[in-house]
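Laboratory data are not the source of any read-out in this text; all were calculated from the coordinates shown. Predicted, not measured: the structure shown is a model, and the values here were computed from it. No Cβ is skipped: glycine too gets one built from the backbone with ideal geometry, and neighbour counts run over all protein chains shown.
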C-alpha cells in the first residue's frame, strides 16, 4: 500500500465488502440493533448460573452509588459492613457514604492546593501540573483503596442515618462543576501571586481561605458532617436466647463520635490489608512493590503500595481469603465484555470478532500499556464456584449499582474474564504465601502519575 488511500483502493475495498454476504447481514443487523446487541452470544451464558460452592457468610444487602463516582468507597464499606453487622447483631447496616464523601473532597482539594504550592517552579504547560489540575482535587469522585483507609483512619465512620444522602451526593456532577471552577481559579491565583513575589507563608495563608470556601460549598451541597451522633437500632434474635424477641433490651441507643464508633464496633487494622495487582507489562517486575507519585487524597496520608504478582498467585490469595470468610475490594475494567443490566462479566458474551470478521484479542499487558483497558471500577469479591478438580469457573461479585441490576445487585464473573480484566485485589496480608510476604520488604519502585496502570476507580 502507498502512503495515501487512493480512489482505486477504495473501490477495491467496496467491491470486496459487498461480495461477502456475511458483511451485508452484519451491516443490517448492526444498523438496526447496535453493535453489542448484534454481537450478543447467548451460548456463552449457559454455564453461568448464580450458584457458588464458596460464599462469604452474612453478606449485607447491595447498596447504590447512583450517579456518583464513589465505587471505591462503597466497595471499601462492603469490607467493613459484615463486621459491624456481627458486632451490633443487626440484620443489615449501611455506612454514611455522604459523610466520607465530604471529607474526601475537602482533603483532595487541600492536597491539590498544597502540591501546587510545592511545585510552583513548574512551567504552566508542565505535565505534572496538568495532572494535578485535571486528576487530583475535590472535583473528582474517584479514588483508590488508600484513599478509603486514609479517610477512615482520620475521620472514622458513621451510620447512614447520621448523615443521609443528598441530591449532590447521589448525583455529583453539578457540585463537581462548581468545585472544578473554584479550584482552577485557586490554582491560577496561587501561581500568579507567587510570580508577583508572594512568599510561601503568604500563599499558605491564602490557601487556608481557599479550603474554607471549599468547606462552605461542600456544606451547602452535602450538609456539615456529623461530629457526634445518636444511633438507634434493633438487635436480631439470638439462637441461644430467643427471649430477645420479646425483650425491650433488643432496642439499643448509642451516642458517640465517628472515630469512637469505628474503634468500638469495627476495630479493624487497615494496615493489615495490601493491594495485590496483576500488571503483566513489559518492564514491570513480579513480586515487586510499586507506588505512584501524587496519587493521594490526604496530605501525609498513607501512599498506596501495590504488590505486582503473577495471575496464579493473585487467584490463590483470593481463594484463600474467601475460604476464610473474608470479602475483598477489587478493581477491574468493568466496561469490557459486560452486561450491566443482566449482571454478567463474561468475555465470550460479546462475539465482536465474528460480527465484524476481525481479530481484536491481544495481550493483557499490552492493553494496559496502551490504556485500551484500565481499572475503572471497584467492587467486592464475595464468592467463587470451585469445581472438583480445584479450578474455578465463576466468581460472585457484589456491585454498588443497586438491586435493579444483575442478580439483585450481584454479578457473575467468569474465570476467563477475571484473568483478562481484573487488575487489583485488596486483601489481608496473611493470605499471601511467604514468598510474597517477603517481597513486601523490597523498596517500592516509584511510578509517574501518568503511568499506564493508573486510573482512578469511579
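A Förster distance of 41 Å, applied to the separation of the beta-carbon atoms of residue 351 and residue 310, puts the FRET efficiency at 0.90.
With helices as the sole contributors, the chain gives -12500 deg cm²/dmol at 222 nm; each DSSP H run of n ≥ 4 counts as -39500 (n - 2.57), and the sum is divided by every residue. Peptides 104-112, 344-352, 124-132 ranked from most to least packed, by the mean per-residue count of other Cβ atoms within 10 Å: 104-112, 344-352, 124-132. Label-to-label distance for residue 173 and residue 114 is 3.3 nm, based on points extended 7 Å past Cα in the beta-carbon direction.
Annotation: for a label point projected 7 angstrom from Cα along Cα→Cβ of residue 5, no residues of region 354-376 have a backbone N closer than 17 Å.
Which of (i) 77, 72, 48; (ii) 74, 51, 46; (iii) 67, 57, 47 is the computed Cα extents along the principal axes in Å for the structure on display? Computing Cα extents along the principal axes in Å and matching it to (i) 77, 72, 48; (ii) 74, 51, 46; (iii) 67, 57, 47 gives (i). Relative to the current alpha-carbon distance between residue 230 and residue 341, full extension at 0.36 nm per residue lengthens the span by 36.2 nm. Counting neighbouring beta carbons within 10 Å and listing from fewest to most, the residues 166, 372 come out as 372, 166.
Residues 22, 169, arranged from fewest to most other Cβ atoms within 10 angstrom of their Cβ, appear as 22, 169. Let me make sure I get this right: for region 40-133, a, b and c are the square roots of the gyration tensor eigenvalues over alpha carbons, sorted descending. Under 1.5 in a/c it's rounded, otherwise prolate if a/b > b/c, else oblate. Which is it? It is oblate, given that a/c is not under 1.5 and a/b is not larger than b/c. Taken along the Cα-to-beta-carbon direction at a fixed 7 Å, the label points for residue 134 and residue 94 span 3.5 nm. Working note: Cα atoms of region 94-265, range along each principal axis, descending, whole Å: 74, 29, 26. The base-10 log of I(q)/I(0) for region 312-386, evaluated at q = 0.15, 0.22, 0.25 Å⁻¹, reads -0.70, -1.21, -1.29 [Debye formula, identical scatterers on Cα atoms, solvent excluded].
Each label point was placed 7 Å from the Cα along the Cα-to-Cβ direction; for residue 51 and residue 123 their separation is 6.4 nm. To the nearest 0.05, what FRET efficiency results for residue 216 and residue 161 with a Förster distance of 41 Å applied to their C-beta separation? Once the sixth-power term is evaluated, E becomes 0.95. Taking the fewest neighbouring Cβ atoms within 10 Å as the starting point, the ordered list for 367, 81, 204 is 204, 367, 81. Which FRET efficiency value, to the nearest 0.05, is calculated for residue 408 and residue 438 with the Förster distance at 45 angstrom and r the Cβ-Cβ distance? Plugging the Cβ-Cβ distance into 1/(1 + (r/R0)^6) gives 0.60.
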